[in-house]
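The values are calculated or read from the model by the stated rules, or taken from the named source; none is laboratory data. The structure presented is a predicted model; accordingly, all values stated were derived computationally and were not measured. Note that we place each Cβ from the backbone using ideal geometry, even for glycine, and neighbour counts take in every protein chain shown. For accessibility, only protein heavy atoms count, side chains too; no ligands or nucleic acids. Shrake-Rupley method; radii C 1.70, N 1.55, O 1.52, S 1.80 Å.
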Amino acid sequence: MRGTVAAVPREGNLVRRARTWLPGLLLVTPSIILIGVFVYGMLGWNFRVAMTDQHDAVSEGRFVGLQNFVDIWDLPRWHLSVNHAIVFTVVFVLGALVLGWLLAFLMEKGIRGEGTFRAIYLFPMAISFVATGIVWRWLMNSGTGERAVGLNRLFEWFGLPQWQWFRDQDWGMAAMALPAIWQMSGYVMALFLAGFRGVPEELREAARVDGCTEWGVYRHVVLPLLRPVTLSALIILGHISLKVFDLIVAVSGKQIITDVPAVFMWVAVFDSNDPAKGATIASYIVLSVAIFVIPYLIWSVRKEKRS
């Protein structure tokens with residue numbers, strides 16, 4: 001009898017708990033299922049294909065383990081695309097961080113018409129990389145002399161040397177990063193501007209009272225407090241640069257001179273009909289992005305636990 005009486009409140013607690021978390025679970029369940037199937041399921045399928053010898057469009061392929069991941073390093077084009085991706089990533093990330101920080105610094109000083117400038121700087125982010133690439137393909141046209149258009153025409157007017165831009169053997173990928181810097185620097189500016197505005201004015205005043213110059217205030221007070229913002233911007237820009245595809249194709253097409261792993265993957269799958277090679281390249285791209293994202297997620301979780 002006592003056991004029956006005690007079971008009633010216990011069942012009532014379960015019902016109350018279910019009413020608390022069950023609606024939320026039902027709300028997010030479709031998203032969880034879709035992400036599980038079309039994100040992680042597709043990633044698993046990609047890794048499965050990468051570990052087979054399916055090098056044509058009709059055969060099913062046999063399991064070969066990590067052989068494709070090793071063999072791809074024997075391809076000169078793979079080395080070239082990886083080097084290009086590294087150059088693009090370094091120039092793009094550093095350029096967007098520096099330009100975004102500079103714009104945020106100027107905006108933080110309270111310039112007149114701040115809202116207008118903020119909208120102008122953020123507007124490129126609303127444009128797709130394809131549209132950006134089409135415009136910058138004209139701006140970075142390598143024609144010289146009478147055939148010069150875009151930036152080369154502007155340089156000609158000012159008597160400056162004209163460049164080959166993305167067609168240059170040495171600096172082509174650095175030039176390719178310019179459209180990406182133009183598009184994403186406004187977003188980085190917004191992140192840094194929010195970080196600047198989040199620094200309490202009392203800390204700045206205390207530093208000034210202690211004898212810090214204005215540069216000293218930024219160096220010893222403001223910049224250390226912007227480390228989380230800088231890390232977030234670094235992660236976002238890094239993963240964008242490692243999987244860049246549409247901007248490269250829109251500007252230069254599938255040329256070797258601007259080849260990156262994502263473009264190489266497209267060529268391997270759709271031009272060469274080699275699913276295993278394309279899946280291997282895609283796997284390397286996923287792993288390279290994971291190197292950026294996973295440590296950031298771990299750091300974010302630990303930070304939330306400490307707070």
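Structural remarks
- Any hit, the range 158-168, residues being open to solvent by 30 Å² or more (accessible area, probe 1.4 Å), assigned to a helix (DSSP H, G or I), in the same structural domain as Leu237 (by the TED database) and free of Cβ contacts under 8 Å to residues at least 40 places away in the same chain: no
- Residue among Leu94, Leu122, Leu99 that alone is surrounded by 17 or more Cβ atoms within 10 Å (Cβ to Cβ) and not polar (S, T, N, Q): Leu99
- Residue in the range 274-283 that is free of Cβ contacts under 8 Å to residues at least 60 places away in the same chain and either touching a Leu at 6+ places or on another chain (Cβ under 9 Å) or not in a helix (DSSP H, G or I) (or both) present: no
Residue-wise test of (1) touching a Lys or Arg at 6+ places or on another chain (Cβ under 8 Å); (2) open to solvent by 60 Å² or more (accessible area, probe 1.4 Å); (3) of a type outside the set (Lys, Arg).
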position: Trp171; (1), (2), (3): no, yes, yes
position: Arg204; (1), (2), (3): no, no, no
position: Arg208; (1), (2), (3): no, yes, no
position: His220; (1), (2), (3): no, yes, yes
position: Leu223; (1), (2), (3): no, no, yes
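- Tally, over the range 251-284, of residues that are β-branched (Val, Ile, Thr), crowded, with 21+ Cβ neighbours inside 10 Å and within 28 Å of Val58 (Cα to Cα): 4
- Residue that is nearest to Ala119 (Cα to Cα), among those in the range 57-79 that are open to solvent by less than 60 Å² (accessible area, probe 1.4 Å) and out of contact with any helix residue (DSSP H, G or I) (no Cβ under 7 Å at 6 or more places or on another chain): Leu75
- Per-region count, the range 245-260, residues among the β-branched types (Val, Ile, Thr) and assigned to a loop (DSSP other than H, G, I, E, B): 1
- The single residue among Glu108, Glu146, Glu114 that is in the same structural domain as Ala177 (by the TED database), touching a Leu at 6+ places or on another chain (Cβ under 7 Å) and either farther than 19 Å from Lys254 by Cα or open to solvent by less than 60 Å² (accessible area, probe 1.4 Å) (or both) turns out to be Glu108.
- Selection status of Ile291, within 24 Å of Phe69 (Cα to Cα) and either free of Cβ contacts under 8 Å to residues at least 40 places away in the same chain or buried (at least 19 other Cβ atoms within 10 Å of the Cβ) (or both): yes
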